[in-house]
There are 2 protein chains.
Amino acid sequence: MKNRKLVMIPGPTPTVRSINDEMGRETVAFGDPEFVKDFKKLILDLKEMWKVDGECFVVAGSGTMAMEMAIANVTKREDNVLVVSNGFFGDRFIDICTRKGLNVDVLSAEWGDVVSPDMIENKLKEKNYSAITVTHVDTSTGARAPIEEIGEIIKKYPDTVYIVDGVAATAGEREYVDTMGIDILLTGSQKAFGVAPGLAILWAGQKALKRRKSLATIPEYYIDFEKWTPIMNDPTKYFATPAVNMIWALKESVRLIKEEGIEERYERHKRVSDAFNASLEALGFELLAKKECRCSTLSNVLYPEGIEDGEFRKILAEEGVMVAGGLGPYAGKMFRIGHMGNIDDHTVYATMAAIERTLIRLNYKYEIGIGVKTLLENLK
Amino acid sequence: MKNRKLVMIPGPTPTVRSINDEMGRETVAFGDPEFVKDFKKLILDLKEMWKVDGECFVVAGSGTMAMEMAIANVTKREDNVLVVSNGFFGDRFIDICTRKGLNVDVLSAEWGDVVSPDMIENKLKEKNYSAITVTHVDTSTGARAPIEEIGEIIKKYPDTVYIVDGVAATAGEREYVDTMGIDILLTGSQKAFGVAPGLAILWAGQKALKRRKSLATIPEYYIDFEKWTPIMNDPTKYFATPAVNMIWALKESVRLIKEEGIEERYERHKRVSDAFNASLEALGFELLAKKECRCSTLSNVLYPEGIEDGEFRKILAEEGVMVAGGLGPYAGKMFRIGHMGNIDDHTVYATMAAIERTLIRLNYKYEIGIGVKTLLENLK
């Protein structure tokens, strides 16, 4: 029998049957009382679980749209913005901000590392920033920013709105909006939520909402918080048609998260990630992200001598596991493998076994079985 | 057995099983060769079937986002835009344009009527407009604009980009981009395509694309044509994660349209609409849209004396049919019922019978059975 394809790229992630089933339901009117109830409950759950005394927005779009939405609602032309970039997706904020006429300063880390909170604090002392963006986990590097520590610093700067890009982190890495001093947290549906791509999800605290209010009309329409706030509080109201099936799917994902326990889920991601990384290292691979800032949602894996990217990923796909290539300077030198969202031990072991089968087919010299063995010893 | 709920609001429309099934598939990587092939074919089909020598964009979002996307890609601050409004959704362009710093002139029709091509031509003679927006069918009124006739006029004005909002029309009303002189046609997935809400769909002809090029960088990021053009031509490329399952569902919708025949589909919508409207009139209802500009995708139905909106729609919902209320000045005075997308005769008759059951429960004085009888006589 042909192998199923395990979607181990860092998003979309594997979608479980109960989420698929929600996606596949007959669509109802967005004013249907049952859908209204579901949508309302979803928003309340998201606000409660991510601890925000503010608003939560669930809008048809993508994580990229969520990034633009965050910026658009808290800045105006000529404002200063500080972009803290630890890779490809951190840099993306530069383009978003620059085209909106914002003055952008950038703090960049070497790929695999993160910008230190000290460097950020020094910048904040120098200049008045309307907003600062930090990518929690940059999928291009697998490095995780110390968002809580940064939040402590930003609390001292009342004019600076703290935007955390959680696209490759949210629902897999610990994030609590108000208690971590985050003003906007943003993500997409297809990463650690394990839903199909198609939704932008944002949490906005009081500081961000107050800023939005102070801006009066903004140039953007569809991504304007003020257009969506009434709907998120009362989904019988209308602005633009909500993505009914996608919202059901996200609701099911949230139900699964509650069933697992959100803290247990974060711990599980850490446990799987540590064990998986240990196995990769046992196979002779190196990881791009430095140990002290390594994320739990994906691994960014450097090829050892003699393994060619195209061939490795082609054979691995034949063995039934899809992974992603490297971005930017690491294209061709790295593969990126997700282990986030709704995956169980079966998926983790099956993936490692497929990696081993691939190495065997490539005649790579290593101790056959050491990858799976290391998992058996570490994944507890 | 409890009645199924027929989603007869003017979008979302009933989703057929084969489209639900595409929605409910296990999500794959957006770089998965089979998905890439499907996405590519979808774009080619959409371009061919709607006759555009240009680009087609399928992006996670909504029809409202598509409206903003059209404006953002062909105008810059201080440009003149002519908004031709035949109702609530025509007016929506005023807000979108104004907040982007555009100078907006508006031609408005009385609700139920449309602005005449002559009035549009007179305006175009007066001033140089960068863009003109026309709502093909405004769901608030059910009036259909003569988009082809307007297209003939605009062809004489090389600086004016002709934007047609097809949200309540596309795939139900005849629209051919290049041959009708349209520069941008836009819609959403949940109307006559019969897919769940969550996608913005746009076609852009050469005139619109040339305008986009001339603008260099625009302030908008996620809805920038230039970001998406490479992906729409080669979906192995990456900008923002495409909504995999939604795209599959749209692909299935397009397959159904090809199976039916696109011209046959337009004829079917006209036939169903004419018969349905005749039945509504036989029941003693009046239609808001004037006969000479009445659309084929929905009916905007004025209540006769003695029928109260809230009660009518509540009982009709109990009988298993969801319809929408009136907008703006017609809130409480009208219901709006869609008959577009992937609906068959069973749905049409079942809907009419549910309306009759509702009237009977309301003790409305009329000839019982006349609605269904009129359908039997007219729907051929």
What residue, of B:D91, B:D159, is among the charged types (D, E, K, R), buried (at least 17 other Cβ atoms within 10 Å of the Cβ) and either in contact (Cβ under 8 Å) with a residue 40 or more places away in the chain or outside the structural domain of B:K270 (by TED's automatic domain parsing) (or both)? B:D91
Could you list, in sequence order, all residues of region A:1-19 that are surrounded by fewer than 21 Cβ atoms within 10 Å (Cβ to Cβ) and facing chain B (nearest Cβ under 7 Å)? A:K5
If you go through region B:216-269, how many residues are assigned to a loop (DSSP other than H, G, I, E, B) and polar (S, T, N, Q)? 3
All-but-one check, B:D224 against (1) within 13 Å of another protein chain (Cβ to nearest Cβ); (2) closer than 19 Å to B:A66 by Cα; (3) surrounded by fewer than 18 Cβ atoms within 10 Å (Cβ to Cβ), failing number (3)
So how many residues does region A:68-82 have that are within 12 Å of chain B (Cβ to nearest Cβ) and surrounded by fewer than 20 Cβ atoms within 10 Å (Cβ to Cβ)? 2
Would you list the helices (runs of 4 or more DSSP H) that sit entirely within region B:291-380 and hold 1 or more residues that are under 23 Å from B:W111 (Cα atoms) and over 23 Å from the mean Cα position of the chain (by Cα)? B:309-318
Top-ranked residue in region B:84-135 [being out of contact with any helix residue (DSSP H, G or I) (no Cβ under 7 Å at 6 or more places or on another chain) and polar (S, T, N, Q); ranked as nearest to B:M334 (Cα to Cα)]: B:N86
Which count do you get for residues in region A:168-191 that are within 14 Å of another protein chain (Cβ to nearest Cβ), assigned to a loop (DSSP other than H, G, I, E, B) and within 17 Å of A:I262 (Cα to Cα)? 3
Filter region B:354-365 down to the residues that are out of contact with any Pro (no Cβ under 9 Å at 6 or more places or on another chain) and either at negative phi or in contact (Cβ under 8 Å) with a residue 60 or more places away in the chain (or both) and list them by number. B:A354, B:I355, B:E356, B:R357, B:T358, B:L359, B:I360, B:R361, B:L362, B:K365
Residues in region B:142-164 that are on the phi < 0 side of the Ramachandran plot and assigned to a loop (DSSP other than H, G, I, E, B) total 8
Filter result for A:T135 (of a type in the set (S, T, N, Q) and surrounded by fewer than 17 Cβ atoms within 10 Å (Cβ to Cβ)): no
How many of the residues in region B:204-239 are out of contact with any Lys or Arg (no Cβ under 8 Å at 6 or more places or on another chain), of a type in the set (A, V, I, L, M, F, W, C) and either assigned by TED's automatic domain parsing to the domain that holds B:N342 or closer than 30 Å to A:V195 by Cβ (or both)? 3
Among the numbered conditions (1) free of Cβ contacts under 8 Å to residues at least 60 places away in the same chain; (2) within 9 Å of another protein chain (Cβ to nearest Cβ), tell me where B:G261 comes up short. (2)
Within region B:106-124, work out how many residues are on the phi < 0 side of the Ramachandran plot and in a loop (DSSP other than H, G, I, E, B). 5
Considering only region B:92-107, state which residues are of a type outside the set (V, I, T) and more than 13 Å from chain A (Cβ to nearest Cβ). B:N103, B:D105, B:L107
Do we find a residue being touching a residue at least 24 places away in the same chain (Cβ under 8 Å), within 13 Å of another protein chain (Cβ to nearest Cβ), crowded, with 17+ Cβ neighbours inside 10 Å and part of a loop (DSSP other than H, G, I, E, B) anywhere in region A:29-37? yes
Looking only at region A:204-220, decide whether some residue is within 22 Å of the chain's Cα centre (by Cα), more than 11 Å from every other protein chain (Cβ to nearest Cβ), over 30 Å from B:N245 (Cα atoms) and in contact (Cβ under 8 Å) with a residue 40 or more places away in the chain. yes
The listed residue being crowded, with 16+ Cβ neighbours inside 10 Å, touching a residue at least 40 places away in the same chain (Cβ under 8 Å), within 14 Å of chain A (Cβ to nearest Cβ) and among the β-branched types (V, I, T), out of B:T297, B:T374, B:T351: B:T351
Subset of region B:4-20 [touching a residue at least 12 places away in the same chain (Cβ under 8 Å) and more than 26 Å from A:Y238 (Cα to Cα)]: B:S18
If you check B:A324 against the conditions, is it under 17 Å from B:S299 (Cα atoms), free of Cβ contacts under 8 Å to residues at least 40 places away in the same chain and surrounded by 16 or more Cβ atoms within 10 Å (Cβ to Cβ)? no
Can you tell me which of B:Y221, B:Y157 is in contact with a Ser or Thr (Cβ under 9 Å, 6 or more places away or on another chain) and not β-branched (V, I, T)? B:Y221
Can you find a residue that is in a loop (DSSP other than H, G, I, E, B), at the interface with another protein chain (Cβ under 7 Å from one of its Cβ atoms) and within 26 Å of A:Y176 (Cβ to Cβ) anywhere in region A:51-67? yes
Going by the conditions given, is A:R357 buried (at least 23 other Cβ atoms within 10 Å of the Cβ) and among the basic types (K, R)? no
Within region B:182-194, identify whether any single residue is β-branched (V, I, T), crowded, with 20+ Cβ neighbours inside 10 Å and over 29 Å from A:Y238 (Cβ atoms), and answer yes or no. no
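The values are calculated or read from the model by the stated rules, or taken from the named source; none is laboratory data. On a predicted model such as this, the values are computed, not experimentally measured, just so you know. All Cβ positions, even for glycine, are placed from backbone atoms using ideal geometry, and neighbour counts span all protein chains on display.
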